[in-house]
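**Student:** Quick one: the structure is below, questions incoming.
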Amino acid sequence: MKTPPQALAPSAASATADGRRRTLVLGLAAASALPLLQGCFPVVATGVGAGAAMVSDRRTSGTYVEDESIEWKVSGRIRQRFGNTVNVNVTSYNRNVLLTGQAPNATVLGELEGIVAGVEHVRGVINEVVVGPNSTLTARANDALITSNVKARFVDAKRFSAHHVKVVTEANVVFLLGIVTRTEADAAAEVARTSQGVRKVVRVFEFISDDEARRLDNPTGARR
């Protein structure tokens with residue numbers, strides 16, 4: 001039971017930590033069918049740690065840490081409830097939680113959403129878990145390579161800051177999260193869509209204006 005996009009609007013329209021109203025948009029950018037993953041993709045090799053990533057992030061430092069906490073809590077509760085009977089990946093971005101992976105039946109899908117809703121400070125849930133057997137280790141490795149390749153191509157494209165878009169891949173479907181302008185969102189989706197092995201691109205963005213983006217990117221701002 002997936003949460004319909006319109007059901008997310010009230011949560012996403014609520015005031016964020018810096019008092020601005022942003023809209024959470026779940027959109028689909030279908031990519032044309034591409035050949036199955038073959039060979040190896042380049043992996044981004046950087047020395048940037050979590051601290052540097054936090055500085056470059058458009059979330060407040062408090063929200064960044066809170067997202068990490070939400071992921072740990074949700075993952076732990078899912079593991080405690082279902083053990084190895086499900087394969088669910090949890091990604092929290094600006095307190096909106098994306099679930100991807102596999103579950104044995106529709107009843108479990110509903111329970112997963114309930115688990116997320118029970119975690120404090122969660123604003124909304126995007127449930128993209130599908131009913132089916134758990135993915136194989138080979139499939140997960142392929143997804144990891146696709147994610148690395150998309151991130152590397154973000155850097156090479158130089159059309160936006162790669163720090164502003166989070167990439168999650170499940171079964172060759174790439175999910176893009178971030179607090180971005182529409183121009184940045186379109187550029188990220190285009191790069192991801194044309195990356196090798198990508199079957200479809202799903203946008204899970206919060207849109208902001210160009211002025212808001214400049215304000216958030218200003219290191220001398222008082223938002224932190």
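None of the figures in this text is laboratory data; all of them are computed from the coordinates on show. Given the structure is predicted, the values throughout are model-derived calculations rather than measurements. For neighbour counting, all protein chains shown are included, and Cβ atoms are generated from backbone atoms with ideal geometry for every residue, glycine included.
**Student:** Val131 to Asn84: FRET efficiency via 1/(1 + (r/R0)^6), r the Cβ-Cβ distance, R0 22 Å, to the nearest 0.05?
**Tutor:** Efficiency at R0 = 22 Å is approximately 0.85.
**Student:** Give me the extension gain from Ala117 to Glu190: residue separation times 0.36 nm, minus the current Cα-Cα distance, reported in nm with one decimal.
**Tutor:** Stretched out fully, the Ala117 to Glu190 stretch lengthens by 23.1 nm.
**Student:** For the stretch 154-166, in order, what is each residue's ³J(HN,Hα) by Karplus, 6.51 cos²θ - 1.76 cosθ + 1.60 with θ = phi - 60°, in whole Hz (x at glycine and Pro)?
**Tutor:** 4, 5, 5, 5, 6, 9, 6, 6, 4, 5, 8, 10, 8
**Student:** Tyr93's amide H: which non-local residues (gap 5+, or another chain) put their own amide H closer than 5 Å, with H modeled 1.01 Å from N in plane and none for Pro or chain starts?
**Tutor:** Leu98
**Student:** Just the number, please: percent antiparallel of the DSSP beta bridges in the stretch 48-131, rounded to the nearest 5.
**Tutor:** 45
**Student:** Do you know the relative contact order of the stretch 48-131, to the nearest whole percent, from alpha carbon pairs under 8 angstrom that are 6+ apart?
**Tutor:** 27
**Student:** Moving to a separate point now. Quick one: putting +1 on the C-beta of Lys and Arg, -1 on the C-beta of Asp and Glu, what dipole do you get for the stretch 134-223 around its Cα centre, in Debye to the nearest 20?
**Tutor:** Dipole of the stretch 134-223, to the nearest 20 debye: 200 debye.
**Student:** So, R0 is 25 Å and r is the distance between the beta-carbons of Glu68 and Glu212; what FRET efficiency does that work out to, to 0.05?
**Tutor:** It comes to 0.55.
**Student:** For the stretch 95-105, what does the Karplus curve 6.51 cos²θ - 1.76 cosθ + 1.60, with θ = phi - 60°, yield as ³J(HN,Hα) per residue in whole Hz, taken in order and with x for Gly and Pro?
**Tutor:** 6, 9, 9, 9, 10, 10, x, 9, 9, x, 7
**Student:** In terms of modelled amide H atoms, which long-range or inter-chain residues lie less than 5 Å from the amide H of Val130?
**Tutor:** Excluding prolines and chain starts, which carry no amide H, the hits are Gly101, Gln102, Ala103.
**Student:** Give me Ser209, Ser161 sorted ascending by neighbouring Cβ count inside 10 Å, so fewest comes first.
**Tutor:** So the residues, fewest neighbours to most, are Ser209, Ser161.
**Student:** Can you give me the long-range amide H partners of Gly178? Hydrogens built in the peptide plane at 1.01 Å from N, cutoff under 5 Å, separation of 5 or more residues or another chain.
**Tutor:** Lys166, Glu206
**Student:** Through the Karplus equation 6.51 cos²θ - 1.76 cosθ + 1.60, θ set to phi - 60°, convert the phi angles of the stretch 189-202 into ³J(HN,Hα) values in whole Hz; use x for Gly and Pro.
**Tutor:** 5, 5, 5, 5, 4, 8, 7, 4, x, 7, 8, 7, 10, 10
**Student:** Work through the residues other than Glu120 whose Cβ is under 15 Å from its Cβ and net out their charges, Lys, Arg +1 and Asp, Glu -1.
**Tutor:** 0
**Student:** Here's a follow-up. How many nm is it between the label spots at Ser75 and Ala141, if each spot is 7 Å from the Cα in line with the beta carbon?
**Tutor:** Going by the 7 Å Cα→Cβ label model, 2.1 nm.
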